[in-house]
1. Can you give the direction-averaged projected area of the convex hull of the alpha-carbon atoms in the protein assembly as shown, in nm²?
2. If you take each beta carbon of peptide B:93-101 and count the beta carbons of other chains within 10 angstrom, what is the mean?
3. Within 10 Å of each Cβ in peptide B:80-90, how many partner chain Cβ atoms are there on average? Round it to a whole number, please.
4. Along the three principal axes, how long is region A:172-221 when you take its alpha carbons, biggest first, rounded to the nearest angstrom?
5. Is there a simple number for the mean count of other chain Cβ atoms within 10 Å of the Cβ of residues in A:148-157, and what is it?
6. Of all trypsin sites (Lys or Arg not before Pro) in region B:19-80, which ones are in loop regions per DSSP and have a Cβ with at most 12 other Cβ atoms within 10 Å?
7. Taking the Cα centre of the protein assembly as shown as the origin and placing charges on Cβ (Lys, Arg +1; Asp, Glu -1), which of A:Ile234, A:Phe122, B:Val227 is farthest toward the positive end of the dipole?
8. Amide H to amide H under 5 Å from A:Val150: which residues, 5+ apart in sequence or cross-chain, H placed 1.01 Å off N in plane?
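The values are calculated or read from the model by the stated rules, or taken from the named source; none is laboratory data. Every value quoted in this text rests on a predicted model; they were computed, and no experiment measured them. We place every Cβ from the backbone using ideal geometry, glycine too, and count neighbours over all the protein chains shown. We work out accessible area using only protein heavy atoms, side chains counted, and drop any ligands, DNA or RNA first. Shrake-Rupley method; radii C 1.70, N 1.55, O 1.52, S 1.80 Å.
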Amino acid sequence: MSERTDRLLRVLLPVVTVVAFFAVWTVYVDSAKVSAFILPPPLEIGYAFVRLVGDGGVWKHVLVTVEEAVAGFAIAVALGLVFGTLLAKLRLAEMALKPFIVALQLVPKIALVPLFILWFGFGIESKVVISAALAFFPIFANALIGFKSVDRGDRDLFISMQAKPLATFWLLDLPSALPVILTGAEVGIVLAIIGAIVGEFMGGNVGLGYLAVAKLQDLKVADLFAVILLLTLIGLTLYSLVAGLRRWLTPWHQAVDTII
Amino acid sequence: MPSPGSDIGLKAVAKTYMTRSGDAVHAVNRVDLDIARGEFVSLLGPSGCGKTTILRMIAGLEPPTSGEIVMRGEAVWQKGRRSAVATRDMAMMFQEARLLPWFNIEENIALPLRLRGEDEKSRLEKARSLCSTVGLSGFERARPSNLSGGMRQRAALARALGTEPQALLLDEPFGALDAMTRDQMNIELQRVCLARGVTVALVTHSIAEAVFLSDRIVALAPRPSRVVDIYTVPFERPRPVELQRSAAFQQLVGRIRDDILRAAA
Ligand SMILES: Nc1ncnc2c1ncn2[C@@H]1O[C@H](COP(=O)(O)OP(=O)(O)OP(=O)(O)O)[C@@H](O)[C@H]1O
Ligand SMILES: [Mg+2]
């Protein structure tokens, strides 16, 4: 296969897959007479989506959900970096804290959502906390692994150049670990969005998670699908931003792109 | 006790590695060596005989199991810890180039200067002039991954020269170079070292290279390494490339080769 056709197919084939997917969907609901309350045809969802984004009311929901996810993600990045660095650098801290943090990770965090709402109320705060709680672990774990797997030979190089600990951190540890940390961040941002939506399911009266529940209660299933589509697009955007950040900050790193 | 003019002194230095499985690997048996100020000494020996280990112990990267290493009167290892004073004016060039992928070539070369707090303008200026010294002009902004193995080694040499060290520890620096470039680099290395009076310990597999560059050549026995022979090279430094074709040069190379072959038999 020539490089041109290869590149063409790379763009074309996914489009074909998507079109085929919707075509099968349309034919199925039509021929099997599936009720539009259960599974509306794609075209109807398309109209609902256009109506949804055309109506200015949706943007306040979008804004709140994005705000919650981004704030939660930012907190997770800060905490993940601090704890990852701490545990990688201080053996005692690792021994004392790592089993505890890993055990915390085993608590099903979604089950904590009612508790967070009890503690932080129905407002944006509880959703930010949920979002941060979900996004923390992959960022923390990758930071820990990243800092711990700095090349021994590179470390020797820095020792032989009489580098001070702080300089070694900025010029060796951080750039070495950055690709791994940012890969963790890619997973983290996706989890942060999930956290925000789940929080909104449970309580409050704003955000796309809330809107989805409201549409369901009104039995507007096509609208519900439209909200899901909008959430998907938001997720895609935020994820692409973080993935782009990784490629921009660590251009030397030849990573296979992660698949979430 | 090392002699007064001594720069680097090794006294009964031995190294035994403990592997994870608990086995002891005797890498260096017992090495006594004195390298005078400004002297160029080569370590010659079969692969795995402990040459890298010896350089690493001198550089303060690997503690000796026993014995003492001194740099200008200051012990390199003090209570099992590396002395910053003793190692301050050393520069080590590793067997692999070890350029950092997040820096371009000039930034890599300027790194030790940066770590010494030199400001950006002056350190990059020095890095560029070092680039031309090792024949890397035009590649200042290149990424290490875009350079050949030999070019990377030359960049690593430039980095080691940047801080104007008093002692250079070179671990097979030109292994990846073709014969022509290798000659050029050897001439350049000889010039820089003589001009600055640098003390050099060089590990090499090439007997000819050792004879061409060194005041003395230390032949090491297979693991665990110990000094089997020390040859004094009689030619005046600096030496022209043509020296390598002279009968006296060839004769010395031949003699060392015969000795090594006999020792291995
Ligand atoms: N960190 C280590 N742990 C255990 N054994 C080691 C370690 N480093 C080196 N050795 C062993 O010590 C011996 C000497 O190794 P060294 O790297 O000093 O050899 P060398 O003379 O530099 O070899 P080459 O010419 O191949 O570079 C080898 O047998 C090696 O297996
Ligand atoms: Mg070696």
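1. On the way: hull surface 138.5 nm².
Computing the convex hull of the Cα atoms and averaging its projections yields 34.6 nm².
2. Values: counts 2, 5, 1, 2, 0, 7, 2, 9, 7.
Rounded to a whole number, the mean comes out at 4.
3. Details: counts 0, 0, 3, 0, 2, 0, 0, 3, 1, 1, 3.
Per residue, the number of nearby Cβ atoms from other chains is 1 on average.
4. 56, 20, 11
5. Working: counts 0, 0, 0, 2, 0, 5, 4, 1, 8, 12.
For peptide A:148-157, the averaged partner shielding equals 3.
6. Working: sites: B:Arg20, B:Arg30, B:Arg37, B:Lys51, B:Arg56, B:Arg72, B:Lys79; in loops: B:Arg20, B:Arg37, B:Arg72, B:Lys79.
In loop regions of region B:19-80 (DSSP not H, G, I, E or B), the sparsely surrounded trypsin sites (Lys or Arg not before Pro) are B:Arg20, B:Lys79.
7. B:Val227
8. The answer is none.
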